[in-house]
1. Can you quote the Å³ per residue value for the convex hull of the Cα atoms in region 78-153, rounded to an integer?
2. Which value in Å does the Kirkwood hydrodynamic radius of region 141-218 take, with 1/r averaged over all unlike C-alpha pairs and then inverted?
3. Within the chain, which complete DSSP H helices have Cα atoms spanning at least 20 Å along the helix axis and a mean Kyte-Doolittle hydropathy of 1.6 or higher?
4. Over all directions, average the projected area of the Cα convex hull of region 59-112 and note it in nm².
5. Compute log10 of I(q)/I(0) for region 198-240 with the Debye formula, placing one identical point scatterer on every Cα and leaving out solvent, at q = 0.30 Å⁻¹, to two decimals.
6. If amide H atoms are built 1.01 Å from N in the plane of the peptide, which residues on other chains or at least 5 residues away come under 5 Å of the amide H of G104?
7. What number, in nm² with one decimal, is the all-direction average of the projected area of the convex hull of the alpha-carbon atoms of region 1-113?
8. Ignoring ligands, DNA and RNA, how do K88, K201 rank by accessible area with a 1.4 Å probe, largest first?
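The values are calculated or read from the model by the stated rules, or taken from the named source; none is laboratory data. Since the model is a prediction, treat every value here as computed from it, not as a measurement. Heads up, the Cβs are rebuilt from the backbone with ideal geometry, glycines too, and the neighbour counts pull from every protein chain shown. Accessible surface areas use protein heavy atoms only, side chains included; no ligands, DNA or RNA. Shrake-Rupley method; radii C 1.70, N 1.55, O 1.52, S 1.80 Å.
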Amino acid sequence: MDKNYETSIHRTGRIGVIIAIGFMLGIPAVISTVYGVWPESIGQIFAVGGGLLAVFLPTNIAEVLSYTPILGSSAYLTFLTGNVMNLKIPVVINAQVLTDTSQGTDEGDTIATIGVAVSSIVTTLIIVLGVILLVPLRPLLTSPAVQTATQYLLPALFGGILLSFVNDDCGEYEAKGKSLTMIFPLILVFVINAFYPLGGKEGFVVLLCMGVTVVCALVMYKAGIIKMTLKSELKARKKK
């Protein structure tokens, strides 16, 4: 990756994150100061938020570790604006597919950043439009047909995301057999969930599956099941 681009984009991303954190913490601090509603102690904060931290902390760690390789430097903007799995990840993957770029390359990183930025702007505009038209569109949005259709949106979305990952693309390489690495983690999760429900522990499960997937990939690579080939070499062979 070009060092000037990498340095610039990471500097901008860190500045943006710092500003966003300032707003996130500053606004509650100002409200608490104005109305005199500060918590009595730090212990009180952890007593109230401890349950939420136990659920969301491992989930957020898992998201950062698993999504950042896909998002590249667009991760800064993605984690600030939210809607990661249900919007930003599909946008990045689709944008890279349409432009024939790969994750881990300058081109793929740039396309991912543009895609996330555009989707954030479009989402904001749609939300503004939705707020304006919420009352006029209420009969339509509450109709049985629309309510039934919305139940299938997430399954369809996640199904599309899963299919987009079932390929041999691996940045500058083609990893033949890469998709086989997901078989054992899937079986493991289904078996464990059958005897011990994993609801509410999704963050820990994702972290576990990440480790298991890496081990599976390493074992399959050593066994010759997964074969890594530079895309430039493949293109050269096709030309011959």
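1. 108 Å³
2. 15.1 Å
3. Those that clear 20 Å and a mean of 1.6 are 106-141, 202-222.
4. Approximately 3.3 nm², given one-decimal rounding.
5. Result of the Debye calculation: -0.92.
6. D109
7. Averaging across all directions leaves 8.7 nm² for the Cα convex hull.
8. Ranking K88, K201 by accessible area, largest first, yields K201, K88.
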